[in-house]
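> One structure, as structure tokens, below. Some questions next.
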Amino acid sequence: MRGPTPLLPALAAVLLLSACGTQRADTGSTGLGAGTPLPGARMTDPGIDGVRITSVTVPSPSPSPRRSLSVTADRLPTGSGISAAYEVTNQGSEAMTYTILVDFTDDAGEVMGNQRETVRAVGPGKTVRGTVPLGVMVPGSSRVTRAEVADVTKVPAAEAPAEAGDCPSSGIRVTADQGDAAMGLRVVGLHLENCGPRDYTVHGYPLLELLDDDHEPVDGVEILEGSGEITTGAGPDEAPEPVTLKPGETARAGLVWRNTTDFGTPVNVPYVRVRARAGAPPVVVTPGLDLGTTGKLGVRPWKRAAE
């Protein structure tokens, strides 16, 4: 008669599986687990405006998963493990805040995913290095082998929109959203949050200054109060009225334009300097106004944001 099966090997296997399920990767400064530089990947990139990719990292191949008796949060996938190391060099004379878009591609150059990264307050002549993770990839995507800088915007650090959760000394936070587009019509929202301890009142339209790539004023664009001369598709123009925001409340204004191109030279406005009201500190946002040849930008007044 066969004797009972020893328990020690089975117990060791259970302990090994438990250890694997609760172990946390050392994320360090990259927010990623163990990885290796991808052999053959482009390790240097000509970059854009002082921003370039220096390496691409992929996770080490993992063995096929074995059957598990339990599932824990530690075992759920949190990302692809793919990342790109970058460096940002400020070649100018004042501190700048950069927003970079990194494309992750396969050998054929097809984009498998991208990520934006904000690098704040890079001093003149200074270089800042960091790592941006790709995150979760779409199932069935090709193998990522390269990364490159696809777009760079930069604004003076003193005029950059405040980071989420931070409140400037002015007590207000001004930001722009990603906007909406339909049939050549573009609408971008401007958002004003009272993050300070006192009420804040605005009346009328945000004050705008249109800027080019070198942050110099753009001429030849007419800024209109309201959007009725541009389209009726954004709804009827509303008369401005005082809006008093209590701490924690928000208001919304809007930029409306068409990117129609007929005769003439198209106008592109990458940056807009915004003041919530006269005397308010300026904030530079990056809506990317591709105004075509229309030469007009409509501005909608501040209204209390819908709850």
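The values are calculated or read from the model by the stated rules, or taken from the named source; none is laboratory data. Because the structure is predicted, anything quoted here is derived from the model rather than measured. Counting neighbours? That spans all protein chains shown, and the Cβs are built from the backbone with ideal geometry, glycine included. SASA here: full protein model, heavy atoms, side chains in, ligands and nucleic acids out. Shrake-Rupley method; radii C 1.70, N 1.55, O 1.52, S 1.80 Å.
> If you go through segment 282-296, how many residues are more than 24 Å from the chain's Cα centre (by Cα) and either open to solvent by 10 Å² or more (accessible area, probe 1.4 Å) or within 14 Å of ALA253 (Cα to Cα) (or both)?
The total comes to 4.
> What residue, among those in segment 204-218 that are part of a strand (DSSP E or B) and open to solvent by 40 Å² or more (accessible area, probe 1.4 Å), is farthest from VAL243 (Cα to Cα)?
PRO217
> A further question follows. Exactly one of these conditions fails for THR250: (1) under 17 Å from GLY288 (Cα atoms); (2) open to solvent by 30 Å² or more (accessible area, probe 1.4 Å); (3) in contact with a His (Cβ under 8 Å, 6 or more places away or on another chain). Give me its number.
For THR250, the failing item is (1).
> Pairs under 6 Å by beta carbon, first residue assigned to a loop (DSSP other than H, G, I, E, B) in segment 234-257, partner polar (S, T, N, Q), six or more apart or different chains?
ALA234/SER227; PRO247/ASN194; GLU249/ASN194
> So GLY130 ticks every box in (1) surrounded by 18 or more Cβ atoms within 10 Å (Cβ to Cβ); (2) over 11 Å from GLU148 (Cα atoms) but one. Which box is left unticked?
GLY130 satisfies every listed condition except (1).
> Here's a check for you: in segment 177-203, which residue that is at pLDDT 95 or above, in contact with a strand residue (DSSP E or B) (Cβ under 8 Å, 6 or more places away or on another chain) and open to solvent by 20 Å² or more (accessible area, probe 1.4 Å) is nearest to GLY288 (Cα to Cα)?
HIS191
> So which residues in segment 232-291 are of a type outside the set (A, V, I, L, M) and in contact with a helix residue (DSSP H, G or I) (Cβ under 9 Å, 6 or more places away or on another chain)?
ARG273, PRO281, PRO282, listed by residue number.
> Turning to a different aspect of this structure: Return the total of residues in segment 258-273 being assigned to a loop (DSSP other than H, G, I, E, B) and crowded, with 16+ Cβ neighbours inside 10 Å.
Here the count works out to 2.
> A further question follows. Listed residues LEU224, LEU255, LEU190, LEU210; which is aliphatic (A, V, I, L, M) and over 23 Å from the mean Cα position of the chain (by Cα)?
Result: LEU224 is the single residue among LEU224, LEU255, LEU190, LEU210 that is aliphatic (A, V, I, L, M) and over 23 Å from the mean Cα position of the chain (by Cα).
> In addition: Go through segment 116-126 residue by residue and tally those that are surrounded by 17 or more Cβ atoms within 10 Å (Cβ to Cβ) and within 18 Å of MET137 (Cβ to Cβ).
Residues meeting the conditions: 1.
> When you scan segment 89-115, how many residues do you find that are over 30 Å from PRO139 (Cα atoms), in contact with an Asp or Glu (Cβ under 9 Å, 6 or more places away or on another chain) and surrounded by 20 or more Cβ atoms within 10 Å (Cβ to Cβ)?
Number satisfying all stated conditions: 2.
A quick yes/no check of all residues on (1) among the aliphatic types (A, V, I, L, M); (2) more than 30 Å from PRO266 (Cα to Cα); (3) part of a loop (DSSP other than H, G, I, E, B):
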| residue | (1), (2), (3) |
| --- | --- |
| LYS154 | no, no, no |
| GLU163 | no, yes, yes |
| PRO168 | no, yes, yes |
| VAL174 | yes, no, no |
| GLN178 | no, no, yes |
| VAL188 | yes, no, no |
